[in-house]
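Asker: Next up is a structure, given as structure tokens.
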Amino acid sequence: MSTLKNAWLRRLFRWHSWLGLLTGVPLLLLGLSGAGLVFKPELDRLLVPRVAPPPAGRAPVPLDSLYRLVGRRYPALKRMAIVGFPQRVGESYEFRLYGNDGNPNTYDLASVWVDPYSGRVLQEGPNTGLAGGALNWLLQFHFCFQLGMGGVLLTALLGLAMLASVFTGVVVYRKHLGKVLTLRAPLRRHNWRVLASDLHRYVGTWALLLNALICFTGFWMNLFGFDPAAWRAQTRPAPPNQLMARSVDELLATARAAYPALVPTRIRLPTQPGGAPFEVDGVVPGHALPWGASAAVEVDPTTGRVRAVRRAWAAAGPAQWEALMGPLHFGTFGGMPMRVLYVVVGLTPGLLALTGFALWYRRWLRPAGAAQSGRQGP
């Protein structure tokens, strides 16, 4: 029985090693990019194009005019959204554009920043390049490695691989977990090999639960990469825009009246008839649960009537589950301490990859090299 158990553990250790070797570099890139995205809202305010203070008494350009300006500038979109709002003087609107060139190997997002007082386009470009914003490029890289649907599928598979690595690591190092968590296992510094082994054990143990959570939520959000219908949809180019007849400002006023407490974070703007509704997504202050602040108002762009008011905390279980994925993946709950923790844990896949490679090198390459040296010696 003991022999079978040891053989099974050795097999798990080999799986753990190969999972780490095969996925180490891409997981390192995902960890670094994810750590940078935790503070995307704050960094956006520093990096987005600035506008000059408006003359005294000048009113902002109506949102409807900006919607039509962008719709004319980009005449074939699946939809668009306003994802950045001027909170103070000098800030601009950010539009996110959802295109489709019919090639599933590209993900056709673009960003446009517009002066709220003059309607002048300040910066624009696809999110595959820096013209679309450095952080938007980073977000799309984190989402699909800039590889389109293939990248979506790849990141989902990497999430599964990391979960498998966590599971095999727990089994292989199960006798050490308690000692590491209670700080009864010293961090030895005899040489780089021993230090790498202890660091791998320490980092993997302390970051275990949060790494598993981040990888699972990332896998879940990219689950559509396995859906053949999603792939087929990417082969159909976006048709010419047919913008809403009703004013964006009118529809926004209707949404605000339906839910005055909602603080908008995104306005979804239809560009095709019969497609998605006009929708205002936002947060409602005062909810402690990760998904509790999420809410939305849908307005029919044709009739101007409210279709639905959604509150995540009052939704059915599946809707609450979906609303939970984003906050748990990016750490947008629990305030600044939680976000700092997510940044630190987001860097651990890189350290685990480096220390894991050092352990693999010691175990598999060094003995072969030593044996070869022995054969060639006098």
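Asker: So the check is Cβ under 8 Å with 6+ separation or different chains; which pairs have a first residue in segment 171-192 that's assigned by TED's automatic domain parsing to the domain that holds Trp15 and a second one that's assigned to a loop (DSSP other than H, G, I, E, B)?
Answerer: From segment 171-192, the pairs are His176/Ala185; Gly178/Arg184; Lys179/Ala185.
Each row is one residue, and each column tells you yes or no for (1) modelled with pLDDT under 95; (2) loosely packed, with under 15 Cβ neighbours inside 10 Å; (3) farther than 29 Å from Ala212 by Cβ.
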site	(1), (2), (3)
Val51	yes, no, yes
Gly57	yes, yes, yes
Phe95	no, no, yes
Gly99	no, no, yes
Val112	no, no, yes
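Asker: Look through Pro277, Pro239, Pro260 and report the one residue that is farther than 18 Å from Arg68 by Cα and surrounded by fewer than 20 Cβ atoms within 10 Å (Cβ to Cβ).
Answerer: Pro260
Asker: Check Arg366, Arg310 and return the single one that is over 21 Å from Gly218 (Cβ atoms), of a type in the set (D, E, K, R) and at pLDDT 90 or above.
Answerer: Within the list Arg366, Arg310, the selection yields Arg310.
Asker: Which one of these is in contact (Cβ under 8 Å) with a residue 12 or more places away in the chain, in the same structural domain as Gly346 (by TED's automatic domain parsing) and either in contact with a Leu (Cβ under 7 Å, 6 or more places away or on another chain) or surrounded by 15 or more Cβ atoms within 10 Å (Cβ to Cβ) (or both): Ala164, Ala134?
Answerer: Unique residue meeting the criteria: Ala164.
Asker: Say whether the condition of being in a helix (DSSP H, G or I) and at pLDDT below 80 is met by at least one residue in segment 222-233.
Answerer: So far as segment 222-233 goes, no, none of its residues is in a helix (DSSP H, G or I) and at pLDDT below 80.
Asker: While we're here: Examine segment 181-197 for a residue that is outside any helix (DSSP H, G or I), under 14 Å from Thr355 (Cβ atoms) and at pLDDT 80 or above, and state whether such a residue exists.
Answerer: Within segment 181-197, none of the residues are outside any helix (DSSP H, G or I), under 14 Å from Thr355 (Cβ atoms) and at pLDDT 80 or above.
Asker: Name the one entry in Thr106, Thr23 that is hydroxyl-bearing (Ser, Thr, Tyr) and assigned by TED's automatic domain parsing to the domain that holds Leu158.
Answerer: Thr23
Asker: Within segment 10-67, count every residue that is of a type outside the set (Gly, Ala, Ser), out of contact with any Leu (no Cβ under 6 Å at 6 or more places or on another chain) and under 14 Å from Asp115 (Cα atoms).
Answerer: Matching residues across segment 10-67 total 13.
Asker: A follow-up question, please. Does Gln242 qualify as being of a type in the set (S, T, N, Q), touching a residue at least 60 places away in the same chain (Cβ under 8 Å) and not assigned by TED's automatic domain parsing to the domain that holds Arg68?
Answerer: Judged against the criteria, Gln242 is not a match.
Asker: Look at segment 98-118 and say how many of its residues are assigned to a loop (DSSP other than H, G, I, E, B) and within 11 Å of Val51 (Cα to Cα).
Answerer: The number of residues fulfilling the criteria is 4.
Asker: Among the residues of segment 294-326, count how many are surrounded by fewer than 15 Cβ atoms within 10 Å (Cβ to Cβ) and of a type in the set (Ser, Thr, Tyr).
Answerer: Count: 2.
Asker: Only one residue in Ala253, Ala230, Ala185, Ala196 is within 29 Å of the chain's Cα centre (by Cα) and of a type in the set (A, V, I, L, M, F, W, C). Which one?
Answerer: Only one candidate qualifies: Ala230.
Asker: Among the candidates Gly292, Gly356, Gly304, single out the residue that is at pLDDT below 85 and over 26 Å from Glu42 (Cα atoms).
Answerer: After ruling out the rest, the residue left standing is Gly356.
Asker: When segment 327-342 is examined, which residues are found to be under 27 Å from Leu19 (Cβ atoms) and surrounded by fewer than 17 Cβ atoms within 10 Å (Cβ to Cβ)?
Answerer: Within segment 327-342, just Leu341 meets the criteria.
The values are calculated or read from the model by the stated rules, or taken from the named source; none is laboratory data. Only a predicted model underlies this, so the values are computations on that prediction, with no experimental measurement involved. Ideal geometry is used to build each Cβ from the backbone, glycine not excepted, and the neighbour counts take in all protein chains shown.
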